[in-house]
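What follows is one structure encoded as structure tokens, with my remarks underneath.
The values are calculated or read from the model by the stated rules, or taken from the named source; none is laboratory data. The shown structure was predicted, so the numbers you read here are calculated from the model rather than taken from an experiment. Every residue, glycine as well, gets a Cβ built from its backbone with ideal geometry; the counts of neighbours run over all protein chains shown.
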Amino acid sequence: MSAKRHDFFRLWLILLILLLVTLYPAWWWLGGAEWVLRGLRLMANALLPHFFSQGISEVTLLANQSWKVLTGLNVEGSHPAETAIFFVTEKHLLRSVMGFPLLWALLLATPGSGIKRLVWGTLLLGVISLLGLAGHMWATIGVMVNHQPSSVDDNLVPPPYRVSGIPYSEWLFHLSGFAHYLEALIVPIVAPVLIWVLLCPRGVMRLVVSVRRRIRK
């Protein structure tokens, strides 16, 4: 029994690696990311216009798999009046959902993680991913209405035109930039691990005990 306990972490790690090298290729080749992003875009269209009254009106999918975000902001000096738009690139979208295979691998590798936890974990990460993308859009709108580059992302710069929106206050502008920064760091890697810990506390504690025993040997 003691040997089995000492081997628990090693067996879990081997299974985790096998699942990762299986799930990630399947995720890309079988279009898993595309299906998840399709669901997130539907949720974005249903929810985000209610939270960004001056910012987001509609999110559409382009041929290159990027998102075009139609805002409620008018381009100043345009005749006839034009509505400002911005894009969320395919690269950014794929990065924002790359944590799903990691979450599934963690859950499947941990004993006692049934289908119910897999479903709940997927739903939780979906909500967090949507919030992360909303944070990115919030920061982008701040850059547009304040007409100044982001303080945390050199690639997030204002367009060559000005928009007729209410500028963010200084603290709100920095807060939106911080939300964008957290979205880039937390959602892809940290969020899946936190959800795994939340849904599998006994499995995680068993792993911790196994690691401690291996260190003491």
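Assorted remarks:
- Close pairs from region 108-135: first free of Cβ contacts under 8 Å to residues at least 60 places away in the same chain, partner of a type in the set (Ser, Thr, Tyr), Cβ under 8 Å, at least 6 apart: 132/96; 135/176
- Flag if residue 155 is of a type in the set (S, T, N, Q) and surrounded by 16 or more Cβ atoms within 10 Å (Cβ to Cβ): no
- Just one residue in the set 211, 187, 193 is over 30 Å from residue 84 (Cα atoms) and either crowded, with 19+ Cβ neighbours inside 10 Å or at pLDDT 85 or above (or both); that residue is 193.
- Criterion: outside any loop (DSSP other than H, G, I, E, B), of a type in the set (S, T, N, Q) and out of contact with any Lys or Arg (no Cβ under 7 Å at 6 or more places or on another chain) - qualifying residue of 210, 150, 176: 176
- When residue 84 is tested against (1) buried (at least 22 other Cβ atoms within 10 Å of the Cβ); (2) in a helix (DSSP H, G or I), just one condition goes unmet, and that condition is (2).
- Flag for residue 165 being in a loop (DSSP other than H, G, I, E, B) and touching a Cys at 6+ places or on another chain (Cβ under 9 Å): no
- All conditions but one from (1) closer than 25 Å to residue 164 by Cα; (2) assigned to a helix (DSSP H, G or I) apply to residue 74; the one that does not is (2).
- For region 90-121, the set of residues classified as assigned to a loop (DSSP other than H, G, I, E, B) and closer than 19 Å to residue 27 by Cα consists of 97, 98, listed by residue number.
- Scanning region 162-184 for residues that are at pLDDT 85 or above, out of contact with any helix residue (DSSP H, G or I) (no Cβ under 6 Å at 6 or more places or on another chain) and aliphatic (A, V, I, L, M) yields 166, 172, 175.
- The single condition among (1) touching a residue at least 24 places away in the same chain (Cβ under 8 Å); (2) surrounded by fewer than 20 Cβ atoms within 10 Å (Cβ to Cβ); (3) touching a Ser or Thr at 6+ places or on another chain (Cβ under 9 Å); (4) not in a loop (DSSP other than H, G, I, E, B) that residue 64 does not meet is (4).
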